[in-house]
Amino acid sequence: MKFRHLLLATLAVAVGVTGVFAAKVAAAAEQFIPMLVYRTGPYAPSGIPVANGFRDYYTLVNKRDGGINGVKVTFEECETKYNTKLGVECYEKLKNKGSTGASLVNPFSTGITYQLIPKAPVDKIPILSMGYGRTAAADGRVFKWIFNFPTTYWSQASAFIKYVSRKEGGWDKLEGVKIAHVYHNSAYGKEANPTLKVLAKKYGFKLTLLAVDHPGQEQKATWLQIRRLKPKWIFMSGWGVMNSVAIKEAAAINYPMDHFVGNWWSGTDADVIPAGDGAIGYTSTAFHDAGIGFKVHDDIIKYIYGGDLAKAKENNIGEVLYNRTLVNAMFGIEAIRTAMGKFGNKPMTGEQVRWGLENLDITEARLKELGMEGFTKPIKVSCADHETMGPLRIQQWDGKKWSFISDWIKPMREVVRPMIEKAAAAYAKEQNITPRAC
Amino acid sequence: MLYREAGQFKTSYAKDQAVFPIIQDRWFIALILVVAYGVVPFVANEYWLQAVLIPFLIFALAAIGLNLLTGYAGQLSLGTGAFMAVGAYATYKITTAFPEINILVVFVMSGFVAAGVGVVFGIPSLRIKGFYLAVATLAAQFFILWLFNKVGWFYNDNPSGTITAPPRTFLGIMVAGPEATAEVRYLISLTFLVIFALLAKNLVRGRIGRSWMAIRDMDVAAEIIGIRPLQTKLLAFAISSFYCGVAGAMFVFLWLGSAETEAFDIFVSFQVLFMVIIGGLGSILGSILGAAFITLVPIFLTNAPALVNLPMPTDLGKHIEEIIFGGMIIFFLIVEPNGFARLWQIAKEKLRRWPFPY
């Protein structure tokens, strides 16, 4: 009987306490940014550097600059495990926090981005899905609230094919070349497929699509197929534990690593280190530098870690995904700053931040002020183009660090943009959206 | 003292066969319904409705569906996620092809589609039993999701393979799509749950439910007294899948708004099975209580550290949540293997004697 009393007491307490937490706490004049993170589960290898990057950049803005034009940045983490259902719960929990609600959301998951896209115009919270999410959202006329600059999966796939054509010695040499796309069997992984299919038809290369099921720990069958197929190039859209497993498998079948190109989500330190020497020569796309040679890193080490480089390294500083998150966080902060330029130095609402994102113009000079000179490319967003189709580079792992092996490659706008507009129009029709004039 | 049946005489067969024969029970249920319909939508904020209550209602419906099959008819199934997916994809296909059909009608139509698929995958149940049947239904789980992922027709060939709920209205009010308010979606989920729970309750008390239980308890004996296993088992699969299908349609159209097949993976099947086991096999109330436990407790545990102002890194918090939740499941199963439904019964019996237990 004692057990049962205990049980009833537990339940009573549970019910009682649950009732309390709906109460809202009034917040001071601060700019709130929700953080949907995944530090646990099969996607943690990718999720941890991302979460640390956001945290460090926001903290840096507060400690170094005293906030954005004097307005402190506040943020709160919510664990999603890269699970779309938990992502929605986190979003609902965080969207009304802070004095003006969530200013923008960085889902860092294509699946969660898909969930949030329809909600964004209703909740008036813009989504910055930097280089992921729904590619069609690049059409700002239909997707007013969604931003996926500096470039998208489709642009990336076209740049990859451009890179292959250069390596092969010209567009005409692509005829008959076998290219395999190893992808995470989800909305994310499938994104590149339509572009690759269109380009395969146009240039005559032989495309094979190989899906790897979530979470990607088991890929023996896929790599057996690759062994049989012997593709000359492999493109990979992986995430989390899938990446390191794929690289290990590729090393195990002695696949030439410099012909194995990951997309920008499949090329971080946590992906290559587990494969050891086997990963040497592995390449991936990127739109920013790796390593810690920039002023922004010095600032982070100085202001956040008190000069303790080892501690900063423990927190993933300089890793590819960490650096990418710095770029992402910087875009968000600069968008808020842009909005303040128009609406005044006070906490911005989601609607104002959306304006800031749409009018974001980061020049080379501004990058230098931010300590990111040469770190990434300048960017200018417009009403119609939420992507900007920025260029990207190919980076290679030499066993210790990443270094660039190509110059900046421009995506093929003439191929990708019409596809984006078509897909956006189809979405607008399905959802009864009238595209705005730009 | 308060909960006594003394003096409540049943003077007609109808009274004797009522779902809730005791007046206090009727009042209690009426009170819950009044609160659920009249109070909750006005006091709960969007987080509560969207992240807590709507998924609870939807999972409760799915759990009732699985309980009909597993708890009442004794057929173990691991295909719940797939049957929910059938409902969701069927709704998407029907409503995008025929936008003029009322979305709530489409939900029911998708239920019938799911029922048809359920019958097909229920056929092996005639030859195989128990754990072996579970493996056969597992095939449904993997095959159906693979099909929806592979064949573009199911998601109208959009590049990412996700289905998105288009805006749909009912009596001029938005019920699906991003513009639909959480209150409306909550009320619709609640109404579906109330109607289908009542239907299920009556179903299991009647001829069909009794034949299911006969098959469950001893199929040879059931056959001898004239119950035909083929029809009975397939009917159980059909009705169970119907419930799961409707729940799946609501899952996408009233809760998530958009989904890919991954949203219906094997873990959904397990989750619903756990709800049924923890709630109590062979109990409609148990399905609802089990759904409440599995959906609400993790959310409570996630929010608990913040409530008591205990700062905790998110990853540690998540790990602790999973440890505590797993521990609670084991605790409840040891304390009461028959689930919450049995606990509820014990509580009622205690209440009868309160405050003078002997």
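For A:Lys206, what residues show an amide H to amide H distance below 5 Å, using hydrogens built from the backbone and excluding near sequence neighbours?
A:Gly176, A:Val177, A:Lys178, A:Ile179
How about segment A:96-166: which trypsin sites (Lys or Arg not before Pro) there lie in a loop by DSSP and see at most 15 other Cβ atoms within 10 Å?
none
With the crude spin-label approximation of a point 7 Å out along Cα→Cβ, what separation in nm comes out for B:Leu138 versus B:Val105?
According to this spin-label approximation, the distance is 4.2 nm.
To the nearest 20 debye, what is the magnitude of the charge dipole of segment B:249-337 about its Cα centre, counting +1 on the Cβ of each Lys and Arg and -1 on the Cβ of each Asp and Glu?
220
Go ahead and run the numbers for FRET between B:Ile329 and A:Glu414, Cβ-Cβ distance against an R0 of 56 Å, rounding to 0.05.
Between B:Ile329 and A:Glu414 the formula returns 0.50.
For the protein assembly as shown, what does the helix formula give at 222 nm: sum of -39500 (n - 2.57) over DSSP H segments with n ≥ 4, over the residue count, nearest 500 deg cm²/dmol?
The helix-only estimate for the protein assembly as shown comes to -17000 deg cm²/dmol at 222 nm.
Report ³J(HN,Hα) in whole Hz for each residue of segment B:178-187, in order, from the Karplus equation J = 6.51 cos²θ - 1.76 cosθ + 1.60 where θ = phi - 60°; Gly and Pro get x.
Working through the residues one at a time gives x, 7, 5, 6, 4, 4, 5, 5, 5, 5 Hz.
Label points 7 Å out from Cα along the Cβ direction at B:Phe98 and A:Asp172: separation in nm?
Rounded to a tenth, the inter-label distance reads 5.6 nm.
Across peptide A:86-94, what mean number of C-beta atoms from other chains lies inside 10 Å of a residue's C-beta?
5
Assigning unit charges at the beta carbon (Lys, Arg +1; Asp, Glu -1) and nothing else, what dipole magnitude in debye, to the nearest 20, does segment A:57-205 show about its Cα centre?
It comes to approximately 240 debye.
Using a Debye calculation, one point per C-alpha and no hydration shell, please list log10 I(q)/I(0) for the protein assembly as shown at q = 0.10 Å⁻¹ in order.
Log10 I(q)/I(0), no solvent term: -1.08.
Report, in degrees rounded to the nearest 10, the 0 to 90 angle that the Cα long axis of helix A:413-430 makes with the longest principal axis of chain A.
Long axis of A:413-430 versus the principal axis of chain A: about 50 degrees.
What is the fewest-to-most order of B:Phe42, A:Phe32, B:Phe331 by other Cβ atoms lying within 10 Å of their Cβ?
B:Phe42, B:Phe331, A:Phe32
Quick one: helix A:320-343 against the long Cα principal axis of chain A, what's the angle to the nearest 10°, folded into 0 to 90?
Tilt relative to chain A: about 50 degrees.
List the GluC sites (Glu not before Pro) in segment A:102-192 that DSSP assigns to loop (not H, G, I, E or B) and whose Cβ has at most 14 other Cβ atoms within 10 Å. Which are they?
Answer by residue number: A:Glu175.
Please list, in order, the residues from segment A:356-386 whose amide nitrogen is less than 17 Å from a point placed 7 Å along the Cα→Cβ vector of A:Lys63.
A:371
Which residue, B:Pro311, B:Pro41, B:Pro99, has the most motion in a Gaussian network model of chain B that connects Cα atoms within less than 10 Å?
In this elastic network of chain B, the residue with the biggest mean-square fluctuation among B:Pro311, B:Pro41, B:Pro99 is B:Pro311.
Got a sec? Which residues in segment B:114-141 would a label at B:Leu230 touch, if it sits 7 Å along Cα→Cβ and we count backbone N under 16 Å?
B:119-128
If a cysteine in the protein assembly as shown has no other Cys Cβ under 4.7 Å from its own Cβ, put it on the list, ordered by number.
Cys with no partner Cβ under 4.7 Å: B:Cys244.
First measure r as the distance between the Cβ atoms of A:Thr434 and B:Phe9, then evaluate 1/(1 + (r/R0)^6) with R0 = 51 Å and state the FRET efficiency to the nearest 0.05.
After rounding to 0.05, the efficiency reads 0.20.
Quickly work out the B:Arg342-to-B:Asn202 label distance, labels modelled 7 Å from Cα along the C-beta direction, and quote it in nm with one decimal.
Going from the B:Asn202 label point to the B:Arg342 one covers 3.1 nm.
Farthest toward the dipole's positive end in segment A:148-297, which of A:Ser237, A:Ser165, A:Gly278, given Cβ charges of +1 (Lys, Arg) and -1 (Asp, Glu) about the Cα centre?
Sorting the options by dipole projection puts first A:Ser165.
Going by average Cβ neighbours within 10 Å, how do the peptides B:60-70, B:155-165, B:316-326 rank, with the highest at the top?
B:60-70, B:155-165, B:316-326
Across peptide B:256-266, what mean number of C-beta atoms from other chains lies inside 10 Å of a residue's C-beta?
Across the residues of B:256-266, the mean count of other-chain Cβ atoms within 10 Å is 6.
What is the ratio of the Cα radius of gyration of chain B to 2.2 N^0.38 Å, where N is its residue count, to two decimals?
It is 1.03.
With charges set only on the Cβ (+1 for Lys and Arg, -1 for Asp and Glu), what does the dipole of chain B come to about its Cα centre, in debye to the nearest 20?
Result for chain B is approximately 1320 debye, rounded to the nearest 20.
Please work out the FRET efficiency for the pair A:Glu373 and A:Ala29, using the Cβ-Cβ distance as r and a Förster radius of 45 Å; give the result to the nearest 0.05.
0.90
What is the local net charge at A:Ala312, summed over the other residues whose Cβ is closer than 12 Å to its Cβ (Lys, Arg +1; Asp, Glu -1)?
Value of the local net charge: -3.
Determine, for each peptide in A:311-322, A:258-269, A:370-381, the mean count of other beta carbons within 10 angstrom over its residues, then list the peptides with the highest first.
Ranked from most to least packed, the peptides come out as A:258-269, A:311-322, A:370-381.
Hey, what did chain B get for relative contact order, percent, Cα under 8 Å, at least 6 apart?
The normalised contact order for chain B reaches 29 percent.
Shielding by partners for B:302-314, please: the mean number of other protein chain Cβ atoms within 10 Å of each residue's Cβ.
Averaged over the peptide's residues, the number is 3.
Coordinate-derived values only; no laboratory data. No experiment lies behind these values; they were computed from the predicted model shown. Don't worry about glycine lacking a Cβ; one is built from the backbone with ideal geometry, like all the others, and counts go over all protein chains shown.
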